[in-house]
1. Just one of (1) within 20 Å of the chain's Cα centre (by Cα); (2) under 23 Å from LEU246 (Cα atoms); (3) of a type in the set (S, T, N, Q) trips up ASN100, so point out which.
2. Scan segment 64-93 for residues that are touching a helix residue (DSSP H, G or I) at 6+ places or on another chain (Cβ under 8 Å) and surrounded by 17 or more Cβ atoms within 10 Å (Cβ to Cβ) and report the count.
3. Considering only segment 1-60, how many residues are surrounded by fewer than 23 Cβ atoms within 10 Å (Cβ to Cβ), of a type in the set (Ser, Thr, Tyr) and within 16 Å of the ligand (Cβ to nearest atom)?
4. For LEU225, all conditions in the list (1) under 19 Å from CYS21 (Cα atoms); (2) of a type in the set (A, V, I, L, M, F, W, C); (3) within 13 Å of the ligand (Cβ to nearest atom) hold save one; what is the number of the exception?
5. Starting from segment 281-295, take each residue that is under 18 Å from MET184 (Cβ atoms) and in contact (Cβ under 8 Å) with a residue 60 or more places away in the chain and list its partners that are among the aromatic types (Phe, Trp, Tyr) and not in a loop (DSSP other than H, G, I, E, B), counting only C-beta distances under 7 angstrom and pairs at least six apart or across chains.
6. State which residue is farthest from ALA230 (Cα to Cα) when the search covers only segment 134-150 and only residues that are among the hydrophobic types (A, V, I, L, M, F, W, C) and more than 9 Å from the ligand (Cβ to nearest atom).
7. Suppose we keep only residues that are closer than 17 Å to PRO254 by Cα and small (Gly, Ala, Ser) within segment 165-179. Which one would you say is surrounded by the fewest Cβ atoms within 10 Å (Cβ to Cβ)?
8. Please pick out the residue among ASP250, ASP313 that is among the acidic types (Asp, Glu), closer than 26 Å to ARG135 by Cβ and more than 21 Å from the chain's Cα centre (by Cα).
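The values are calculated or read from the model by the stated rules, or taken from the named source; none is laboratory data. Owing to the predicted nature of the structure, the values given are computational and were not obtained by experimental measurement. Glycine also receives a Cβ, built like all others from the backbone with ideal geometry; neighbour counts cover every protein chain displayed.
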Amino acid sequence: MSNIPQRKLTVVGGGYVGSTCAHLAALKDLAREIVLIDVVEDRPQGIALDLNQSAAVEGFQSEIIGTNDPEDTYDSDVVIVTAGLPRKPGMSRSDLLEVNGGIVTEVAATIRRGSPDAVVIVVTNPLDSMVTLMRAQLGFPAQRVIGMAGVLDSARFCWFIAKATGCSVQDVDAMVLGAHGDSMVPMPTYCTVNGVHLLDLVSSDEVHAMADRTRNGGAEIVSLLKTGSAWYAPASAAVAMAESVLNDADRLLPCACLLNGEYGHEGLYMGVPAILGAGGVKKIIEVPLSNESRAALHRTADSIATDVQAMRDLGLL
Ligand code: A3D
């Protein structure tokens, strides 16, 4: 008899990111039922069977249900949305707007109908636009519709800092705010290695180089892979957010939240530090910004607003 909490996590999209989310969630016994849904016939069923057959070795009790039937996702507590095309070399995330906008609209209809109380974590790119669209289509309170980007971008920054300083990555804390794109805003003044300030460990030139590499982190992997984009770290980041919500853990994580005056913006989804727990975003945290970071956040907000306008022009919003 399973002794893990009676709750349901759905992962929409059984591609690279989605199947890895299901795997990580199972390893953490995050929910009794983990539903993996995809439009491709038999694929999610095959992945689920494979994952379930690892349970005896890994010792998890979650059961993964692979399906093409939207009704199997009903009554989910948390839904992670990874359905949609990834980037190919030379593409920007914005190039995915139209096709992924159609997919997100379709997925939103199922969530609205079957899981009206769910917390929804959007991963599909272009992230800031897709989470905006998801919220508009769902009509849920904004605290229950969140985008995953900041956890991933910060984790990338952490890795580069660990390599540059020679310190264990587990001692590194880094923060990246703003859009999930070229205009994202790494925040060196909020980066520490076990309390020691990053700028006391490496030169500001090195910090700038790491910040640039973080901004370009997704494209660097896309150009190495040739087909598709990163999936391990994105899935880790999405599952960390789901875990904080399902366990009411109140972790402070950077995620795309709907701003209501915070950071000088209103009605715009943007990556900011937020406390995530039961019911989604409990609080957006405003941190003091240097003039440089404030200007960068305004630039990132402009780029998000441009993509949102492009969705309006396409008739998606
Ligand atoms: P991929 O491996 O192609 O998987 C996408 C899956 O979505 C495929 O299996 C499709 O069949 C499926 N799908 C398409 N339409 C639907 C639908 N209506 N319902 C259910 N499933 C559907 O891509 P991936 O897993 O590498 O990436 C998935 C998405 O995440 C892409 O848009 C990526 O750009 C995005 N992504 C975002 C980040 C962020 O940091 C925000 C990081 C990595 C990937």
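1. Going through the list (1) within 20 Å of the chain's Cα centre (by Cα); (2) under 23 Å from LEU246 (Cα atoms); (3) of a type in the set (S, T, N, Q), ASN100 breaks only (2).
2. 19
3. Count: 2.
4. (1)
5. Partner pairs satisfying both residue conditions: VAL287/TYR190.
6. We begin by selecting, within segment 134-150, every residue among the hydrophobic types (A, V, I, L, M, F, W, C); these are 134, 136, 138, 140, 142, 145-146, 148-149.
Those left that are additionally more than 9 Å from the ligand (Cβ to nearest atom): 134, 136, 138, 140, 142, 145-146.
Values: MET134: 22, ALA136: 27, LEU138: 27, PHE140: 29, ALA142: 27, VAL145: 23, ILE146: 20 Å.
Taking the candidates together, the pick is PHE140.
7. Out of the qualifying residues, it is ALA174.
8. Of the residues listed, the single one that is among the acidic types (Asp, Glu), closer than 26 Å to ARG135 by Cβ and more than 21 Å from the chain's Cα centre (by Cα) is ASP313.
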